[in-house]
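Read the figures in this text as sums done on the coordinates, not as results from a lab. Everything numeric here is computed off the predicted structure, so don't read it as measured data. Please note: Cβ atoms are built from the backbone with ideal geometry, for glycine as well, and neighbour counts cover all protein chains shown.
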Amino acid sequence: MVPFTKLTGIAAPLPMINVDTDMIIPKQFLKTIKRTGLGKNLFDEMRYTQDGQEVPDFVLNQPKYRQAQILIAGENFGCGSSREHAPWALADFGIRCVIAPSFADIFHNNCFKNGILPIRLPQETIDALMAEAQNAPDPTFTVDLEQNLILRPTGNEPISFKIDPFNRECLLEGLDDIGLTMQKADKIQAFVAKQQAQAPWLYSAGAGA
Amino acid sequence: MSGPKTLFEKIWESHLVDVAEDGTSLLYIDRHLVHEVTSPQAFEGLRASGRKVLRPEATLAVPDHNVPTTDRSRPIEDETSRIQVQTLEENCREFGVQLFGMRDRRQGIVHVIGPEQGFTLPGTTIVCGDSHTSTHGAFGALAFGIGTSEVEHVLATQTLIQKRPKTMRISVEGTLPFGVTAKDVILAIIGKIGTAGGTGYVVEYAGSVIRGLSMEGRMTVCNMSIEGGARAGLIAPDEKTWAYLKGRPMAPKGEDWEKAVAWWRTLVSDEGATYDAEVLLKAEEIEPQVTWGTSPQDVVGITGRVPDPKNAKDEAQRRAMERALDYMGLTPGMPVEEIVLDKVFLGSCTNGRIEDLRAAAKVIAGKKIAANVQAMVVPGSGLVRYQAEQEGLDKIFKDAGFEWREAGCSMCLGMNPDQLSPKERCASTSNRNFEGRQGRQGRTHLLSPEMAAAAAVTGKLTDVRKLVA
């Protein structure tokens, strides 16, 4: 996984609540067997008309935000389906940080597996950042994960944020958590031995039984 | 540690492999369900790193999202769908995972076949790359949806790295009024707590109404936990649970069965156990529910009216309501029963089980569907379909004018050809009414199987109680 340390880029404002993963990447694009190539279909139904023309009003179609690397959105971002295609589409488009008052749990987890930093901030702070992303002539922000700080285009007071320490370390180091878990193979084996004694039916039954 | 524990705590603690100082936990996973949409990249990841599936016998795979519900004798027409299903078949062969292929009678929606086969068991941890994995919580299992990277993690290690969630108990007490079903209960719950109300929580459903529900009804309730933001919802197992599981092909047998039931009997929240949040609903206050908007929290009683954004609690909510009403083509204040439909969809992991089909068939028996609607039944599995046919339900549906289809996810999300056209309006027993969910610009109203059947008969959203007095 690509490490996330410090990101400087345009922030696009998406002042909507409950943005669901069907909106982020509609079902017809889930038929892929790859992780890449989904960026062009990010927010497909809001971004394009039925015949594939760009919807000029949509934020990522506006010249100012076409190169956005940060997204600022309303509460409960990423709700709905568990599809990891949602963070894949964001990452493929170039968005590596989403800032919102709250996130749905599965989407939130999926972000960390793909080098995307989801930042939770209070609604008032989001309102202020959203206004800056909308109004600043150059809405370039810097998200510094090493310092846990967001630097703003207006030069206003930087915003500090908190990230779960384990997730933060995985992002900073670009760690493969399967590799980390495999280092605990002994503990997993010990667990299995114990469970097999206590609940043998979990091993005698099951698929192929 | 020795004080009274909730059901969730008992399952969680009995599956901890390792806990780091900061609370990050390595949780053992007993059962893993796999389908074609969220697994190809996970198997590819295993291949790329030279890893194996650690416990193939704890893993069960089935294609469900992409499969056509029409003729199964020919290959899937859509190339990308066909490749995805073939990829699952090849991956299962290569990694030694049992697969119920498209032409296997046991094929069906992953959350229908897990319980049906007895693969789903009380007290277990169950995951799947699908948010409706919460369904299996009906058996007193800790079951939740995961992303594809986590699918790969479970395939390789049979564990997941997790943070301990908070606990919420939702109690539904009293007696459900006539015509009110498990689907209405869960829609009412989501309406009350909101679509993010359960975020960060595992929900335990309790109370006399929940205990009174059948296993199918409990699955319907747990299924939509995620629509209330909770990754997992669970219900303490009881006699109904063992009765449902006994004799299922993948359930324990003989002496193992006796041992298992003895253990399962301990899977209740202890007297005095505490939760981080408590919610109470009174059954008598619930009426048949429908959704009017594009979020599952947008619920209203069938005797109600489409709400007015003027009454929204804040600006963000008002904008969301206006957008939803515009998308749905509805006017504030209009009676819900005046909403005219084009399609009726009966199926999905929420309501595609035998009991759902029986309930709907009871409403439509001897009646015809309205001329303005096209209606279809998509059983949750090949075995549900077979059983329904044995009971003659297919004939009741076909006589009424419903299409009788093969099993799969179908129009719940329209990854196969079963989709809404732009602006088509559908009464659907599924779980999501998001924009574009059932087809670009399609309009979805969520409701119970009984209400869907009533809607099919009249051609508009209808209070089922008027039809089955």
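Peptide B:21-29 has a mean of 3 when you count, residue by residue, the C-beta atoms of other protein chains within 10 Å of its C-beta.
With the alpha-carbon atoms of the stretch A:79-209 aligned to their principal axes, the span from lowest to highest coordinate is 65, 29, 27 Å, starting with the largest. Give the Debye-formula value of log10 I(q)/I(0) at each listed q (0.12 Å⁻¹), with one equal scatterer per alpha carbon of the stretch B:206-311, two decimals each. Scattering profile of the stretch B:206-311, log10 relative to I(0): -0.61. Evaluated over chain A, the count of Lys pairs having alpha-carbon atoms less than 26 Å apart is 15 (only pairs 8 or more residues apart or interchain). For B:Lys367, the lysines whose Cα falls under 21 Å of its own Cα, not counting residues fewer than eight places away in the same chain, are B:Lys343, B:Lys395, B:Lys398, B:Lys460, B:Lys466. Measuring max minus min along each principal axis, the C-alpha atoms of chain B give extents of 56, 55, 45 Å (largest first).
Taking amide H as placed 1.01 Å from N in the peptide plane, A:Leu117 has its amide H under 5 Å from the amide H of A:Cys97, A:Val98, each at least 5 places away in sequence or on another chain. The equivalent ellipsoid of the stretch B:180-240 has semi-axes of 19, 13, 9 Å, largest first, where each one is the square root of 5 times an eigenvalue of the Cα gyration tensor. Both radii were evaluated on the Cα set of the protein assembly as shown; the Rg over Rh quotient, with Rh as the Kirkwood radius, amounts to 0.95. In the elastic network of chain A, a GNM with C-alpha springs shorter than 10 Å, the most mobile of A:Leu171, A:Leu129, A:Leu180 is A:Leu180. Partner shielding of A:97-110 amounts to 4, given as the average count of beta-carbon atoms from other chains within 10 Å of each residue beta-carbon.
The mean number of partner chain beta-carbon atoms within 10 angstrom of a residue's beta-carbon across peptide B:195-201 is 5. Rg then Dmax, both in Å and based on the Cα atoms of the stretch A:1-56: 13.8, 39. Kirkwood radius for the stretch B:74-147, taken over all pairs of different Cα atoms as the inverse mean of 1/r, rounds to 13.6 Å. For the stretch B:409-458, the Stokes-Einstein estimate of translational diffusion at 37 °C and a viscosity of 0.692 mPa s comes to 306 µm²/s, using the Kirkwood hydrodynamic radius over alpha-carbon pairs. Across every direction, the projection of the convex hull enclosing the Cα atoms of the stretch B:72-198 has a mean area of 11.3 nm².
When each of the peptides B:182-195, B:12-25 is scored by the mean number of other C-beta atoms lying within 10 Å of its residues, the order from highest to lowest reads B:182-195, B:12-25.
Could you name the aspartates and glutamates whose alpha carbon sits less than 20 Å from that of B:Lys253, not counting residues in the same chain fewer than 8 places away? Cα-Cα hits under 20 Å: B:Asp30, B:Glu57, B:Glu116, B:Asp238, B:Glu239. From most to least packed by mean Cβ count within 10 Å, the peptides A:56-66, B:132-142, B:26-36, B:171-181 give B:132-142, B:26-36, B:171-181, A:56-66. Neighbours of B:Leu245, meaning other residues whose beta-carbon lies under 15 angstrom from its beta-carbon, give a summed charge of +2 when Lys and Arg score +1 and Asp and Glu score -1.
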